[in-house]
Amino acid sequence: MKRYILLTLATVLTSMHVSATETDYRTGTEKILQKDSLKVLDIGNSYTDDATALLPLITSASGSDISKMCLYKAVRGGASFKTWYDTYNNQDFKDYSIKKVLGGMSANIATGSGEAFDGALFRDALTNELWDVIIIHQVSDFAPYYEHWFGNNAGGYLNELLEIIKSCQPQAAIGFLLIHSYWSGYWGNTEKSSFDRWQLIANSAKKLLEDKKVDFIIPYGTAVQNLRNSSLNNGYDLTRDGTHLDYGLARYTAACCYYQSIIYTRSGISILGNTARHDVSQQNSEYPSVTVDDKNAETAQKVAVLATIYPY
């Protein structure tokens with residue numbers, strides 16, 4: 001499998017020929033991402049942090065002009081679709097935060113912490129600014145199981161959340177994070193395989209797009225799984241605690257895919273050849289993190305590009 005993945009990388013990245021059916025996960029969004037000014041809001045949880053933590057570092061190293069764009073994130077630990085629906089309606093029991101990730105523009109919203117049972121900060125973000133793109137994703141517990149994303153249950157309320165977003169922001173394109181899967185040995189991985197669980201997550205994201213619930217996908221979880229299928233994987237599937245990405249190479253790979261999906265589409269500057277590196281020697285985590293260096297950065301960039309071509 002590892003040899004096959006690397007051979008596929010070599011073939012795809014040499015030819016870079018992509019058919020329409022291979023890129024239908026983002027059909028129609030390129031013009032939006034290439035607008036003169038672009039405002040993006042990512043609504044999620046700690047996996048949003050995983051995917052975007054190293055994005056400013058990578059974007060800066062790329063030399064991409066982000067003076068006329070901004071990316072903000074709304075984060076609540078363990079948040080599902082229902083969580084954000086409840087937050088909007090002052091019914092969620094945990095704090096959340098809204099922060100700026102990058103960009104030369106500023107959105108007309110308040111940032112900081114929102115308290116439990118007070119969704120004012122979140123409602124403000126959805127009503128006081130016109131967003132071009134809004135990104136959502138499902139909590140990791142329910143991410144593999146599409147059938148649980150609907151109805152009155154802990155993993156449900158997708159339709160209700162989308163109704164709120166579209167009523168507040170009818171002009172916005174809706175994106176979806178295809179997230180990474182748990183470590184195969186993690187107690188919460190009911191599939192007992194990071195690959196099998198990722199495949200369910202990918203199939204659920206594909207179904208979501210086919211059902212026209214969203215407009216495009218950022219397949220960073222596929223990029224991470226590509227990396228796990230290489231010789232760079234470790235005994236914990238490059239996680240720091242079994243569920244979240246390690247602070248180094250895995251987060252770097254996720255950010256590379258996020259960059260390639262959003263910033264590259266806008267700037268035309270590929271992640272390939274990016275000079276950003278990240279030392280995690282002083283970073284403490286339950287499981288060891290992998291420093292991003294000249295030896296592994298190129299592979300991380302390539303698997304990220306491969307994921308944007310073959311997201312599922």
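The values are calculated or read from the model by the stated rules, or taken from the named source; none is laboratory data. Remember, predicted model here, so these are calculated numbers, not experimental data. Cβ sites come from the backbone with ideal geometry, for glycine too, and all protein chains shown count toward neighbours. With ligands, DNA and RNA removed, areas are computed over all heavy atoms of the protein, side chains included. Shrake-Rupley method; radii C 1.70, N 1.55, O 1.52, S 1.80 Å.
Per-residue answers, yes or no, for (1) surrounded by 19 or more Cβ atoms within 10 Å (Cβ to Cβ); (2) within 19 Å of the chain's Cα centre (by Cα):
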| site | (1), (2) |
| --- | --- |
| I58 | yes, yes |
| D95 | no, no |
| K99 | no, yes |
| A110 | no, no |
| S113 | no, no |
| A120 | no, no |
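Every test in (1) aromatic (F, W, Y); (2) on the phi > 0 side of the Ramachandran plot; (3) surrounded by fewer than 19 Cβ atoms within 10 Å (Cβ to Cβ) is passed by Y157 save one, and that test is (3). With respect to the conditions (1) closer than 28 Å to A172 by Cα; (2) open to solvent by 10 Å² or more (accessible area, probe 1.4 Å); (3) touching a Pro at 6+ places or on another chain (Cβ under 9 Å); (4) not hydrophobic (A, V, I, L, M, F, W, C), S204 falls short on a single one, namely (2).
Matching residues to (1) among the hydrophobic types (A, V, I, L, M, F, W, C); (2) modelled with pLDDT of 60 or more:
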| site | (1), (2) |
| --- | --- |
| R3 | no, no |
| L6 | yes, no |
| V12 | yes, no |
| T21 | no, no |
| K31 | no, yes |
| K35 | no, yes |
| N45 | no, yes |
| A61 | yes, yes |
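Among the residues here, V40 qualifies as open to solvent by less than 10 Å² (accessible area, probe 1.4 Å) and either modelled with pLDDT of 95 or more or outside any helix (DSSP H, G or I) (or both).
For I164, the stated conditions do not hold, so it cannot be described as under 29 Å from T29 (Cβ atoms), crowded, with 23+ Cβ neighbours inside 10 Å and either within 20 Å of the chain's Cα centre (by Cα) or touching a residue at least 24 places away in the same chain (Cβ under 8 Å) (or both). Any idea which residue in the range 250-270 is farthest from V280 (Cα to Cα), counting only those that are among the small types (G, A, S) and crowded, with 24+ Cβ neighbours inside 10 Å? Only one residue fits best here, namely S261.
Would you point out the residue of the range 303-312, among those that are surrounded by 24 or more Cβ atoms within 10 Å (Cβ to Cβ) and not aliphatic (A, V, I, L, M), that is nearest to A53 (Cα to Cα)? Only one residue tops the list, namely T308.
The rows are residues; the columns are (1) within 20 Å of K35 (Cβ to Cβ); (2) acidic (D, E).
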| position | (1), (2) |
| --- | --- |
| T111 | no, no |
| E115 | no, yes |
| G119 | no, no |
| R123 | no, no |
| T127 | no, no |
| L130 | yes, no |
| I134 | yes, no |
| D141 | no, yes |
| Y145 | no, no |
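Among the residues that make up the range 93-110, is at least one of them part of a loop (DSSP other than H, G, I, E, B), of a type in the set (A, V, I, L, M) and closer than 18 Å to L178 by Cα? So far as the range 93-110 goes, no, none of its residues is part of a loop (DSSP other than H, G, I, E, B), of a type in the set (A, V, I, L, M) and closer than 18 Å to L178 by Cα.
The set of residues in the range 269-312 being of a type in the set (V, I, T) and either in contact with a strand residue (DSSP E or B) (Cβ under 8 Å, 6 or more places away or on another chain) or part of a loop (DSSP other than H, G, I, E, B) (or both) consists of I269, I271, T275, V280, V290, T291, V292. Restricting to the range 271-293, give me the number of residues that are more than 21 Å from N229 (Cα to Cα), at pLDDT 95 or above and surrounded by 15 or more Cβ atoms within 10 Å (Cβ to Cβ). The qualifying residues number 5.
The test for being modelled with pLDDT of 95 or more, surrounded by 16 or more Cβ atoms within 10 Å (Cβ to Cβ) and either aliphatic (A, V, I, L, M) or over 17 Å from F216 (Cβ atoms) (or both) holds for S194.
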